[in-house]
Amino acid sequence: ASKHKYAEEGELADQYRAVDEIHTELYELILNAISQRQLAEIDYYCDMKNTELEERYSYMKDYQTAVVAKFYTLSRPFYDSCYREFYYYGMTEEEIKAFLFDSDTISNPEYTALKDRNNAIETEVLALSNPMSGDELPILYAEFVDNNNKMAKLMGYDNYLEYAYENVYGRDYTYEDVAELSAYVKTYLSPIFNAIYEKWSTLTGFSQEELDKYYDQVRTPFFETLEGNTTVNDYIDLLAFTSNPDKNITFSDEFNKLMGDGNMFRGEYDGAFVTSIQSVDIPIAYFGKGYDNCFTIVHEFGHYMNEVYTLGIADEDDEFSQSYDLLEMHSQGNELLYLCYLKKNANLPEMTHNIVETYSLVNMLYAVMAGMTIDAFEQALYLGAYEGTNADTIMADGKITYDEYDLLYKSVCIDFGVEEAMSGYWRGGMTVQSPCYYVSYSVSAIAVLQLYEMANTDGFDVAKDAYLKLFTYVDEDWEMTMAEVLDYAGM
């Protein structure tokens, strides 16, 4: 105890620096493990029939968990050692206590065993031959939910919803707050969605020329249609940051780099996403089959540009983070801005633009309704309670069992007035790969629909400037909340 004293120089400081070098190596090993897991995931998604790649991906997920657990086993020994004041320098006793609690949990074999099992469940779900029917997915998902709740309780939370909202997705609202949003969506957006969904289902009578141009934008892969490819490039050339010219970043330069430097992957996994490889800070993009049309390219490139623009800030400050809702605004906002660009610049026949616009708005409002219904579904399961349509049947024995999941989701969709459009959507896998994430799509889509409104009333340039501020706010104050970012952008 007499050695629990901080000093910049001296024998104890020298000893600590030597110990800390080894500790830093272990932390860098974590970043490397995360990177190797990311790369193994990309490899597997590109060739999902390759069992060797599947095994490597599964191994790297468990390896990452193990290395992280090993790292946090050192937190309490440091506290009990003569190096306490060095390792915990600048932290209050309350902060240290909270850190030790989290460290003890993350390195707890019970916690890591639950995490490993959920990693395995995720891989098993990806390998299911027909997840849209049968009991295989519901049985796996029931175990997954139970494991998540157990891990959350080990972390000191009542349930995984509470943990995920606060710690995983960077939200400044709780799952209880979503009840207010749900009422808003049911009252105002559900009728709008149903009206445009009905319009979409009744659109007919297009000429072959009109259909060909429609397919160029929303069906034919971006990489296989010259006209769609050219239109996207022309649009991206218009997007340039002016608030901080010192960064010397343009959308067009980064788009060309993405297409030319080998940081883009295409494969068998149904989906598209952007991530940054942790240990080297390199953003990459993945586009699966059916997820590579012009609008999806533009969507994911919004994510990609945020990774590029915030790279320096992320390097300089370990505490820099962004709400996942804001991250989705970068992508969905880019889609809507591109839609507005098409209207005046793509020389599309009027009827072609009509169908492209309807398709895009259906998709955006579908994101709102899908996010809300999935969140309500997840809330019921993680809280073990449901009060909506068919509640008497679903909660008859006081709990929700896996064989009631389809009825539960159908009932939630009835509550939101979207039963026909959303049938079976929960089985798409997102509830396992990104638990409690999908409400972010709703929050962000509702916000960026304002860009569509701006472009149609005040002009494309006004909407564009508002959109670019969703990136450049970091030059003013990277600690802004999402509400403050929206205010900064004039939204």
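The values are calculated or read from the model by the stated rules, or taken from the named source; none is laboratory data. These numbers come from a predicted model, not from an experiment. Positions of Cβ are backbone-derived with ideal geometry, glycine not excepted, and every protein chain shown enters the neighbour counts. For the accessible areas, the whole protein counts, side chains as well, though only heavy atoms, and no ligand, DNA or RNA atoms are used. Shrake-Rupley method; radii C 1.70, N 1.55, O 1.52, S 1.80 Å.
Quote the relative contact order of the range 367-491 in percent (integer), defining contacts as alpha-carbon pairs under 8 Å separated by 6+ residues. Write down the numbers at each step before the final one.
Details: 106 pairs, mean separation 33.3, N = 125.
The value is 27 percent.
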Net charge near PRO349: determine it from the other residues with C-beta under 9 Å of the C-beta of PRO349, scoring Lys and Arg +1 and Asp and Glu -1. -2
What does the helix-only formula give at 222 nm for the chain: each DSSP H stretch with n ≥ 4 adding -39500 (n - 2.57), the total divided by the residues, and the result rounded to the nearest 500 deg cm²/dmol? -21000 deg cm²/dmol
Expressed as a percent, the portion of alpha-carbon pairs in the range 241-309 spaced more than 18 Å apart is 38 percent
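When ligands, DNA and RNA are left out and all protein chains stay put, how many square angstrom of accessible area per residue does the range 226-313 have with a 1.4 Å probe? Show your work: numbers first, answer last.
Working: 3700 Å² over 88 residues.
Result: 42 Å² of accessible area for each residue.
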Over the Cα atoms of the range 409-482, compute the convex hull volume and normalise it per residue, giving Å³. 142 Å³
Efficiency of FRET from Cβ geometry, PHE101 and GLU387, R₀ 41 Å, rounded to 0.05: 0.75
Roll a 1.4 Å probe over the protein heavy atoms and report the accessible area of TYR157 in Å², nearest 10. 40 Å²
Which loop GluC sites (Glu not before Pro) in the range 332-409, with loop taken from DSSP, have no more than 14 other Cβ atoms within 10 angstrom of their Cβ? GLU387
Inter-part gap, Cα centre of the range 442-487 to Cα centre of the range 293-311, in whole angstrom, is 15 Å
For the chain, averaging the sequence separation of alpha carbon pairs under 8 Å that lie six or more residues apart and dividing by its residue count, the contact order in percent is 16 percent
Using a Förster distance of 22 Å, the FRET efficiency for PHE320-TYR6 (Cβ separation, nearest 0.05): 0.25
How far, in nm, would the chain grow between LYS247 and THR92 when pulled straight, counting 0.36 nm per residue and subtracting the alpha carbon separation? 52.1 nm
Filtered trypsin sites (Lys or Arg not before Pro), the range 341-413: DSSP coil and at most 14 other beta carbons within 10 Å: LYS399
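Carbon and sulfur together cover what percent of the accessible area of the range 35-131 at a 1.4 Å probe radius? List each step's numbers first, then the result.
Numbers: 2620 of 5060 Å².
So the carbon and sulfur contribution to the accessible surface is 52 percent.
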Full-extension gain in nm, PHE223 to ILE22, via 0.36 nm per residue minus C-alpha separation: 67.7 nm
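Dividing the convex hull volume of the alpha carbon atoms of the chain by its residue count, what do you get in Å³ per residue? Walk me through the intermediate numbers first.
Numbers: hull volume 82.0 nm³, N = 491.
So the per-residue hull volume is 167 Å³.
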Using the basic label-point model (7 angstrom from Cα toward the beta carbon), what is the ARG117 to GLU176 distance in nanometres? 3.0 nm
Which one of ILE374, GLY459, SER442 is farthest out on the positive end of the charge dipole of the range 339-491, using unit charges on Cβ (Lys, Arg +1; Asp, Glu -1) and the Cα centre as origin? GLY459
Work out the FRET efficiency for THR401 and GLU110 from their Cβ-Cβ distance, taking R0 = 22 Å, and round it to the nearest 0.05. 0.30
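Where only protein heavy atoms count, and the probe is 1.4 Å, what is the accessible area per residue for the range 118-189 in Å²?
Values: 3460 Å² over 72 residues.
Accessible surface, normalised per residue, equals 48 Å².
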